[in-house]
Amino acid sequence: MYEIMFEMKTMVKKKPFKYKKILNGVKEIFFGKNESTKVKLSKKQYMNIIDAFKGRTVLIGASRTNPPKDSLGEWLMNNITKQAIASYIVPILIEEGHATPVMPLDSGKIKFTVVKIVECSNCREDTKMPLIPFASHFLCARCIRNW
Ligand SMILES: [Zn+2]
């Protein structure tokens, strides 16, 4: 199966971690000591994160035990996994154009991109997926990848 492994760093503390992107949209995140902890994220789960926060500025909430109310970390714990994965999800969201850091970086906040679910302004397909603003168009994830 087609897979790519990415070497990443967390946004605030610059902790290294890896994530693997698999062609069917599954993401596997490897972190902690020797990157030995693995969390798997389906495409649907990932899209649910983007959908839950679109357009909003939120606290990352990287705490392992008690992320602030209404933070990304709290949402992830309630909806995806009890493992604290917010600080690993954030660089992935940023890399894929779904969020931008809020300056200064130690504000601990990100802003989620505004997404529209309509036809992609490049391929004109109704993708039934959130579109991403890019080069003054709204594009589907496939066109962004091939841009
Ligand atoms: Zn497209």
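Since every read-out is calculated from the coordinates, none of them should be taken as a lab result. A quick note: this is a predicted structure, and the numbers were derived from the prediction, not measured. Virtual Cβ from ideal backbone geometry, glycine too; neighbours counted across all protein chains shown.
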Amide proton proximity set for Ala99, modelled H, under 5 Å, gap of 5+: Ile94, Thr113
Rounded to whole Hz, the Karplus (6.51, -1.76, 1.60) HN-Hα couplings of the stretch 55-60, x for glycine and proline: x, 9, 9, 9, 6, 5
Residues of the stretch 75-100 with amide N under 17 Å of the 7 Å Cα→Cβ point at Arg145: 92-98
Distance (nanometres) between label positions extended 7 Å along Cα→Cβ at His137 and Asn79: 2.9 nm
Extension reserve of the Arg56-Thr37 stretch, reckoned as 0.36 nm per residue once the Cα distance is removed: 3.9 nm
Assigned charges on the beta-carbon of Lys, Arg, Asp, Glu; the stretch 1-137 dipole about Cα centre (debye): 400 debye
Spin-label pair Lys9/Glu95, simplified geometry with 7 Å Cα→Cβ offset, distance in nm: 1.4 nm
Gyration tensor (alpha-carbon) shape descriptor, the stretch 3-112, a/c threshold 1.5: rounded
